[in-house]
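Novice: Below are the structure tokens for one structure; questions will follow.
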Amino acid sequence: MTVRTRYAPSPTGEPHIGNIRTALFAWLLAKHHGGQFLLRIEDTDRQRLVEGAVEAQMETLRWLGLEWDEGPDKGGPHAPYTQSERLDIHQEHAERLLAEGWAYRCYCSSERLSEVRKAQQARKDPPRYDRHCRDLSPEDRARIEADNTPAVVRFKTPLTGETFTHDALRGEVPFANDTLDDFVILKSDGYPTYHLAAIVDDHLMEITHVIRGEEWISSLPRHVLIYQAFGWEPPVFVHVSRILGSDRAKLSKRHGAHAALAYREMGYLPEAIINFLALLGWSLDDKTEIIDLDTLIRAFDTDRLLTNPAVFNAEKLEWMNGVYIRNLSPEGLAERARPFLEGALGQPVDAQKLAQIAPLIQERIKTLTDVVEMADFFFTEGPLKYDPANLLGKKSFAGEPARAADALASVISTVETLDGWGHEALEAAVRPLAEEMGVKAGELFAVIRVAVTGKTAAPPLFETMSVLGRDLSLERLRAARDRLAAAG
RNA sequence: GCCCCCGUCGUCUAGCGGCCCAGGACGCCGCCCUUUCAAGGCGGAGAUCGCGGGUUCGAAUCCCGCCGGGGGCACCA
């Protein structure tokens, strides 16, 4: 039997980190077993639909490389994969349960339902449907239906006994049937609830492993009951824990971005996100942190999945993203960073020039957006904006702009006669000047650094100047010299 | 109120009866390297394994109770 898993979001908004980790686990499990991963849209709640949400789900999955084998856009042997297009199937199945005595129509108004609930809560009883319509006589039913009273279909939950559920990570979890109520499986608008739709579709789509959030555990007995009523073999259920924010509360906007796509905007690499997410509630062994996709697929299984919730550690993600950035080829980094630079600069950026810069910044950035701060000066035209005080630094040039101007002047005259503009030649020419001036090389370099980059922290000076080119470097050195001379 | 789940350094985790007075990683601190910033190397602080009983020669690991946290109890998924 081939393993088939699914990711079944409801299109009520953008997928967040937690959804995506669940999708990742489902995807990995399918790939590990050489099976299929499907995408199914659960849009049975017509009120909560959000426009563009389906696209956002797909966009996120694609960005991360979690391609689906069957889905709404690509079809498959069990199409359609959008629940709202499967209404007839769900209604048919509701009818079948009705006909076989597993379900009944309920005509209670929402007003009556909320009154019942209120009274129960006042009595500190668990809020549950009071089964008012469960044992209506055929005559009563006929009378009510003659009035065209809207009805829902409720599942007839056993009044006594226990329902034994099984979760792959937790084992048997028994539920007393008298704690369950007669839940709705078909709403009055003709749409199924999750309980019916998910079970019917999972069965019809031959899903072998249902991987979903832990919040579904308390619904598991209902689902098992539905499988029993249909006489179907239930799939393996794997309920994964939640991802929490740093305060151990549910991950939300308060904790920074929780929408998965926001991480793309922040300059995170999909492979880093995958690696990081995989390690939230799962581990390869006792020491491996950086795990490539192939290894993940090869090693992933549910047996090393944890049941306790995991706090989302943004700092570790950032570190990991840095590791992946450092592992990129210069061309690879240039290609990925280019859109971020272009966006910030508002102008096209030459890919080859960026590839030259890449090795200089690669170990200095943690996200692709850092490229802007780290390398914008390579592309900006005209005078650099910086505080002239930074030219002087805090050491021997502090408070002595005239001396700094002289120093820059001698750097300029030394360097402008150079034949080449390689970083080794530049350093060989400039380094001795420091000694002549009686300052430490680093102090002289600091002045040049600010003059040439506008920053006190920048990539290695001479490589930077080399990539920057003779003209731009000299132009900036002269501009700095003039500013200092004017100040002195 | 009822039902269910979870509980190892701040965080992610290893651990499935002796290898653990608990290992790795992020973060933090220090040193080294060094033209800045990083990266890298080395070292350090950091966990009464939620608490209390029990089983056992021996428990983070098994059992029971408690406490704490979370989830569910919708014509939402």
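Novice: Among A:Glu111, A:Glu100, A:Glu67, which is the only one that is under 40 Å from the mean Cα position of the chain (by Cα) and either within 23 Å of A:Asp189 (Cα to Cα) or at pLDDT 95 or above (or both)? Outline the logic, then answer.
Specialist: Working: A:Glu111 fails: under 40 Å from the mean Cα position of the chain (by Cα); A:Glu100 fails: under 40 Å from the mean Cα position of the chain (by Cα).
Going through A:Glu111, A:Glu100, A:Glu67 in turn, the sole match is A:Glu67.
Novice: Hey, A:Asp286 hits all of (1) near RNA strand B (Cβ under 7 Å from one of its atoms); (2) of a type in the set (Asp, Glu); (3) in contact with a His (Cβ under 7 Å, 6 or more places away or on another chain) but one; which does it fall short on?
Specialist: All conditions pass for A:Asp286, except number (3).
Novice: Follow-up question, since we're still on this one. So in the range A:18-39, with the set limited to residues that are part of a helix (DSSP H, G or I) and in contact with a strand residue (DSSP E or B) (Cβ under 6 Å, 6 or more places away or on another chain), which one is farthest from A:Pro235 (Cα to Cα)? Outline the logic, then answer.
Specialist: Pass one, the range A:18-39, residues part of a helix (DSSP H, G or I): A:18-32.
Of the ones still in play, those that are also in contact with a strand residue (DSSP E or B) (Cβ under 6 Å, 6 or more places away or on another chain) are A:18, A:22-23, A:25-27, A:29-30.
Details: A:Gly18: 22, A:Thr22: 17, A:Ala23: 17, A:Phe25: 16, A:Ala26: 13, A:Trp27: 16, A:Leu29: 14, A:Ala30: 14 Å.
Across the range A:18-39, the extreme among qualifying residues is A:Gly18.
Novice: Still on this model: Pick out, from the range A:414-488, the helices (runs of 4 or more DSSP H) lying fully within it that include 1 or more residues that are assigned by TED's automatic domain parsing to the domain that holds A:Phe397, within 15 Å of RNA strand B (Cβ to nearest atom) and farther than 17 Å from A:Phe378 by Cα. Explain how you work it out, then say what you get.
Specialist: On the way: elements: A:423-437, A:441-453, A:461-468, A:470-487.
Qualifying helices (runs of 4 or more DSSP H): A:423-437, A:441-453.
Novice: Taking the range A:237-256 on its own, how many of its residues are at pLDDT below 85 and within 30 Å of A:Thr208 (Cα to Cα)?
Specialist: Residues meeting the conditions: 2.
Novice: Within the range A:3-60, which residues are among the acidic types (Asp, Glu) and touching a residue at least 24 places away in the same chain (Cβ under 8 Å)? First the steps, then the outcome.
Specialist: At the first step, the residues of the range A:3-60 found to be among the acidic types (Asp, Glu) are A:14, A:42-43, A:45, A:51, A:55, A:59.
Passing the criteria: A:Glu14, A:Glu42, A:Asp43, A:Asp45, A:Glu59.
Novice: For the subset of the range A:396-408 comprising residues that are over 49 Å from the mean Cα position of the chain (by Cα) and surrounded by fewer than 16 Cβ atoms within 10 Å (Cβ to Cβ), which member is farthest from A:Ala434 (Cα to Cα)?
Specialist: Residue satisfying both the conditions and the ranking: A:Gly399.
Novice: If you check A:Thr417 against the conditions, is it among the polar types (S, T, N, Q) and touching a helix residue (DSSP H, G or I) at 6+ places or on another chain (Cβ under 6 Å)?
Specialist: Criteria not met by A:Thr417.
Novice: Of all residues being over 18 Å from A:Gln228 (Cα atoms) and either in contact with a strand residue (DSSP E or B) (Cβ under 7 Å, 6 or more places away or on another chain) or basic (Lys, Arg) (or both) in the range A:163-185, which is nearest to RNA strand B (Cβ to nearest atom)? Just the residue, please.
Specialist: Per the stated criteria, the residue is A:Arg170.
Novice: For the range A:340-397: of the residues being in the same structural domain as A:Phe462 (by TED's automatic domain parsing) and of a type in the set (Lys, Arg), which is nearest to A:Glu318 (Cα to Cα)?
Specialist: Checking each candidate, the answer is A:Lys385.
Novice: Scan the range A:275-313 for residues that are more than 17 Å from A:Arg326 (Cβ to Cβ) and within 12 Å of the chain's Cα centre (by Cα) and jot them down.
Specialist: A:Leu277, A:Ala278, A:Phe312
Novice: Is it true that some residue in the range A:197-204 is farther than 19 Å from A:Arg128 by Cβ and surrounded by fewer than 18 Cβ atoms within 10 Å (Cβ to Cβ)? Spell out the reasoning first.
Specialist: Of the residues in the range A:197-204, the ones farther than 19 Å from A:Arg128 by Cβ are A:197-204.
So of that shortlist, the ones also surrounded by fewer than 18 Cβ atoms within 10 Å (Cβ to Cβ) come out as A:203-204.
Yes: one or more hits.
Novice: What is the number of the single condition among (1) more than 15 Å from RNA strand B (Cβ to nearest atom); (2) exposed (fewer than 13 other Cβ atoms within 10 Å of the Cβ) that A:Asp303 does not meet?
Specialist: In the conditions (1) more than 15 Å from RNA strand B (Cβ to nearest atom); (2) exposed (fewer than 13 other Cβ atoms within 10 Å of the Cβ), A:Asp303 misses (1) alone.
Novice: Moving to a separate point now. Do you know which residues across the range A:231-256 are buried (at least 17 other Cβ atoms within 10 Å of the Cβ) and more than 14 Å from RNA strand B (Cβ to nearest atom)?
Specialist: Those that are buried (at least 17 other Cβ atoms within 10 Å of the Cβ) and more than 14 Å from RNA strand B (Cβ to nearest atom): A:Pro234, A:Pro235.
Novice: Every residue in the range A:381-395 that is surrounded by 14 or more Cβ atoms within 10 Å (Cβ to Cβ) and in a loop (DSSP other than H, G, I, E, B), please.
Specialist: Taking the range A:381-395 first, the residues surrounded by 14 or more Cβ atoms within 10 Å (Cβ to Cβ) are A:384, A:386, A:388, A:390-393.
A:Leu384, A:Tyr386, A:Pro388, A:Gly393 - these are the residues of the range A:381-395 that are surrounded by 14 or more Cβ atoms within 10 Å (Cβ to Cβ) and in a loop (DSSP other than H, G, I, E, B).
The values are calculated or read from the model by the stated rules, or taken from the named source; none is laboratory data. Only a predicted model underlies this, so the values are computations on that prediction, with no experimental measurement involved. Cβ atoms come from the backbone with ideal geometry, glycine included; neighbour counts cover every protein chain shown.
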